[in-house]
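Undergrad: Before anything else, here's the structure in question.
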Amino acid sequence: MSRLAVVCGGSGGIGRAVSRLLAENGCRVAVVSRSTDAARCTVASLPGADHGAFSCDISKEHEVHKTFETIQTTYGNISYLVNAAGINRDSLLLRTKAEDMVALLHTNLLGTVLTCRAALRSMMHTHGAAIVNIGSVVGLKGNVGQCVYSASKAALEGFTRSLAKEVASRNIKVNLLAPGFIRTDMTAGLKEAEVVRAIPLRRFGEPEDVAKAVLFLLESSYITGQVLVVDGGLQLAM
Ligand code: NAP
């Protein structure tokens, strides 16, 4: 049977491109996001059959537990997990509301931790299982107006390296991919012409640029606990 991939945030810009590339490469894809309609929309656009849409708020433990249980009983064991669900609430720290801090940490950090935990047992039963968490170049370098977002993404680096050590004996690889500016809804409000001046490759990344790197990490047999930066050289200039 073909590999089962779970893509959290699979209805978003990066997650949709990852879901498509995985489906093109023969995976069955479980697309997870809060909105069922949005997840269904991604599934409808995928080549091949046997994909599924799941509504789940990854920041809520009981929803994650229930969703992964359903995925496993319906589709079987999980080979790949991609954590591409995330939010940003940009503002200077002095103006950041506590509820926004909690939402950022619960979605970007806790959500990823919960989905990894929920998928692990199932992944132990598949050969060549792999997890890719999506961080951010901002988690590595910091950015004005993104203190809490940056903290949530930086924490994913420690989490990813630690989990990679914990599950290496089970031959499960865990890596972090850190994108720069990628053209999705999350960056739609930015002044692209100004921002690209800081990017050595002089363009925003496309979701497909990230998807190719995600597939590379998922399929790599000897890479674990690493951070792969996909940013057109942005961090060189930060
Ligand atoms: P996007 O287009 O806004 O997509 C975000 C996705 O996350 C959507 O599918 C959304 O679906 C899902 N999501 C949000 N909160 C969720 C929750 N609590 N539970 C389940 N799903 C949730 O953003 P994107 O640009 O593709 O970003 C994907 C990831 O890459 C994020 O982690 C982001 O921080 C990171 N990243 C993006 C960029 C960039 O330039 N775009 C750069 C660096 C890092 P629902 O709303 O239906 O839940």
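Any read-out appearing in this document is the output of simple, stated calculations on the displayed coordinates, not a laboratory observation. Computed from a predicted structure; not experimentally measured. Glycine gets a Cβ as well: all are built from the backbone with ideal geometry, and neighbour counts include every protein chain shown.
Undergrad: Would you mind checking the radius of gyration and Dmax of the stretch 79-140 based on alpha-carbon positions, in Å?
TA: Final numbers for Rg and Dmax: 14.6, 48 Å.
Undergrad: Please identify the chymotrypsin sites (Phe, Trp or Tyr not before Pro) of the stretch 132-233 that satisfy two criteria: DSSP loop assignment and at most 15 other Cβ atoms within 10 Å. Which are they?
TA: Details: sites: 149, 159, 181, 204, 216, 222; in loops: 181, 204, 222.
Listed in order of number, the matching sites are 222.
Undergrad: Which whole number in µm²/s is D for the stretch 105-238 by Stokes-Einstein, with the Kirkwood Rh taken over Cα pairs at 10 °C and 1.306 mPa s? Don't jump to the answer; show the numbers that get you there.
TA: On the way: Rh = 15.5 Å.
The calculation lands on 102 µm²/s.
Undergrad: Kirkwood hydrodynamic radius for the stretch 29-99: how many Å is it when counted over pairs of different Cα atoms? It would help to have the intermediate numbers written out before the result.
TA: Working: mean 1/r = 0.0715 Å⁻¹.
Taking the inverse mean of 1/r over all distinct Cα pairs, the stretch 29-99 comes out at 14.0 Å.
Undergrad: Can you bin every Cα-Cα distance in the stretch 37-142 into 10 Å intervals starting at zero and give me the percent of pairs per bin, rounded to whole numbers?
TA: 13, 39, 33, 13, 3
Undergrad: Let me ask another. Which whole-number percent of Cα pairs in the stretch 123-192 have a distance greater than 21 Å?
TA: 37
Undergrad: Name the trypsin sites (Lys or Arg not before Pro) in the stretch 186-238 that are in a loop by DSSP and that have at most 10 other C-beta atoms within 10 Å, would you?
TA: Values: sites: 191, 197, 202, 203, 212; in loops: 191, 202, 203.
Taking the stretch 186-238 and a limit of 10 other Cβ atoms within 10 Å, the loop trypsin sites (Lys or Arg not before Pro) found are 191, 202.
Undergrad: Then there's this: From the convex hull of the Cα coordinates of the chain, what is the mean projected area in square nanometres? Please report the intermediate quantities before stating the final value.
TA: Values: hull surface 48.8 nm².
Over every viewing direction, the Cα hull of the chain projects on average to 12.2 nm².
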